[in-house]
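Here the structure comes first, spelled out in structure tokens, and everything after it is commentary.
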Amino acid sequence: MAVNDDSAVVAKDPYAGKIVTIERFILDQQRIYPDATGTLTNILYDIALAAKIIASKTTRAGLTDILGSADKENVQGEVVQKLDEYADQILFKLNDHTGRLAVMASEERAEIIPIPDHFPVGPYVLLYDPLDGSSNIDVNVSVGTIFAIYRRKTASGRGTLEDCLQKGRDLVAAGYVIYGSSTMLVYSTGQGVHGFTLDPTIGEFFLSHPNIRIPEKPKFYSVNQGYEQFWSEGVQRYTEWLQGKDKTAKPLSMRYIGSLVADFHRNLLSGGVYYYPADTKDPGQTSGKLRLVYECAPMAFLAEQAGGKASTGTERILEMQPSALHQRVPFFVGNSLLVEKAQEFIRDFD
Ligand code: AHM
Ligand code: MG
């Protein structure tokens, strides 16, 4: 091999030693599919732009007390919008006119979001949770945006609810943005999971975490253990197993931020399981808290793409047919073995 011949390195990692922007990476991924039209590529660009705009706003959230807090007037006498509503509007406004989408849906809104009549429609469907964990904003804890992209099911015209209620296994792409100590966008189009870190000084996302795999040896379990008394026996016993109480496994450390994107992100990189089980805390809501189409399905897609699993405790999340936009389901996601173990406990004790 000649001194400057790095072909062996290139074969292993095509980006070794290169500076890879998110645009370059997404375009390279598109080239894998000879028939690709570039439409999905452009939707991903639009989401990356939305992420930058939302990131710039969330990092200034602590200034709202000085500049005017949400729903109150700022010093200029303008009403300051709540951040989750702001994030919702940004995602909507960047995607309503492009002709790439048939319909959208947002966790912030009760019904589907039709593409306005004066704009063309396209082949894809975008579902998003614009600012998940937004109650954490006030205390400066990480929050995130979650997105899911499907092909439309209906043949033509404006998209409908049917287009939005698809099984997670039919996802074309999914991802999240975490607004943490740095802003990262993590996504998959079914070719592995890739993470990009935003350089806020120049406003560009760079590939920082190519081909993320959940480490085989888990470190953490993440759950709101304050609600333990409201869980089923299977989930309680599972939690004791994670704590190593039956001496068959080493105890895992418990970490819980209370912001799904941040908890998921940590476990994706460090290994572990996140769960929000069904509980009896609120009699009107016994299926857990997290929403199938906005939160669970996209995170399940990412987990599986990274070598992990996601389940309701009895069923694979990606196989679930949603029956309503805001349907909630119990959610276990992370290392395959830990998710399988949850299923075992639930099968044996519930
Ligand atoms: P939200 O969509 O209203 O923000 O609620 C979802 C959030 C998740 O980010 C997080 O994992 C969970 O709710 C925390 O709930 P709890 O406070 O019950 O532990
Ligand atoms: Mg949410």
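The values are calculated or read from the model by the stated rules, or taken from the named source; none is laboratory data. All values derive from a computational prediction rather than experimental measurement. Note that each Cβ is placed from the backbone with ideal geometry, even for glycine, and that neighbours are counted across all protein chains shown. Ligands, DNA and RNA are stripped out before the accessible areas are found, and what is left, the full protein with its side chains, is counted by its heavy atoms. Shrake-Rupley method; radii C 1.70, N 1.55, O 1.52, S 1.80 Å.
Using just the C-alpha positions of the stretch 302-350 as equal point scatterers, what log10 of I(q)/I(0) does the Debye formula give at each q in 0.24 1/Å?
-0.88
Using 0.36 nm per residue, how much length does the chain from K57 to F119 gain when fully extended, once their Cα-Cα distance is taken away?
Numbers: separation 62, 0.36 × 62 = 22.32 nm, distance 2.76 nm.
Length gained between K57 and F119: 19.6 nm.
Hydropathy at least 1.6 by Kyte-Doolittle, axial extent at least 24 angstrom from the Cα trace: which helices of the chain, defined as entire DSSP H runs, fit?
Sorted by number, there is nothing, because no helix extends far enough and scores high enough.
Alpha carbons only, please: Rg and Dmax for the stretch 17-209, in angstrom.
In Å, with Rg to one decimal and Dmax whole: 17.2, 54.
Only Cα pairs under 8 Å and at least 6 apart count here; give the relative contact order of the chain as a rounded whole percent. All intermediate terms of the calculation are to be shown ahead of the outcome.
Working: 713 pairs, mean separation 49.4, N = 350.
Once divided by the residue count of the chain, the mean separation gives 14 percent.
Aspartates and glutamates within cross-link reach of K52: Cα-Cα under 17 Å, excluding same-chain residues under 8 positions apart?
E23, D84, E85, D88, D129, D132, D199, E204
Heavy-atom accessible area per residue, the chain, 1.4 Å probe: how many Å²?
On the way: 16320 Å² over 350 residues.
Result: 47 Å² of accessible area for each residue.
Compare the Cα positions of I257, Q321, L290 along the charge dipole of the stretch 220-349 (+1 at Cβ of Lys, Arg; -1 at Cβ of Asp, Glu; about the Cα centre) and return the one farthest towards the positive end.
Of the listed residues, the answer is I257.
When we measure straight from the Cα of K57, which lysines land under 25 angstrom away, once same-chain ones fewer than 8 places off are left out?
Result set, ordered by chain and number: K72, K82, K93.
Highest first, please rank the peptides 16-27, 92-103 by the mean number of other Cβ atoms sitting within 10 Å of their residues. Let's see the in-between values first.
Numbers: 16-27: 14.7, 92-103: 18.6.
The peptides rank, most packed first, as 92-103, 16-27.
Output the direction-averaged projected area (hull surface divided by four) of the convex hull of the alpha-carbon atoms of the chain, in nm². Kindly include the intermediate steps, with their values, before the conclusion.
Details: hull surface 85.3 nm².
If you wrap the Cα atoms of the chain in a convex hull and average its projections, you get 21.3 nm².
In what sequence, highest mean first, do 46-58, 202-214 appear when ranked by Cβ atoms within 10 angstrom? Each step should come with its number before you reach the end.
Values: 46-58: 20.2, 202-214: 16.1.
Listed from highest to lowest mean packing, they are 46-58, 202-214.
Please list, by residue number, every one of the trypsin sites (Lys or Arg not before Pro) in the stretch 271-304 that is coil in DSSP and has at most 15 other beta-carbon atoms within 10 Å. Provide the component values of the computation, followed by the final result.
Details: sites: K281, K289, R291; in loops: K281, K289.
Loop-located and lightly packed - K281.
Run through every distinct alpha carbon pair of the stretch 190-256 and return the Kirkwood hydrodynamic radius in angstroms, one decimal place.
Details: mean 1/r = 0.0661 Å⁻¹.
Value: 15.1 Å, from the Cα pair sum.
Counting only protein heavy atoms and a 1.4 Å probe, tell me what percentage of the chain's accessible area is made up of carbon and sulfur.
Working: 8230 of 16320 Å².
Heavy-atom surface of the chain belonging to carbon and sulfur, 1.4 Å probe: 50 percent.
Setting aside same-chain residues fewer than 8 positions from K281, which lysines have a Cα under 20 Å from its Cα?
Filter leaves K289.
Which one, V177, I19, L127, projects farthest toward the positive side of the charge dipole computed for the chain from Cβ point charges (K/R +1, D/E -1)?
Of the candidates, I19 comes out farthest on the positive side.
What is the packing order of peptides 328-336, 177-185, 32-40, taking the mean over residues of other C-beta atoms within 10 Å and listing the highest first? Each step should come with its number before you reach the end.
Details: 328-336: 25.3, 177-185: 21.6, 32-40: 11.6.
Taking the mean over residues of other Cβ atoms within 10 Å, the ranking is 328-336, 177-185, 32-40.
Which FRET efficiency, nearest 0.05, do D348 and I19 yield, Cβ-Cβ r, R0 56 Å?
On the way: r = 51 Å, r/R0 = 0.92.
Computed FRET efficiency for D348 and I19 comes out at 0.65.
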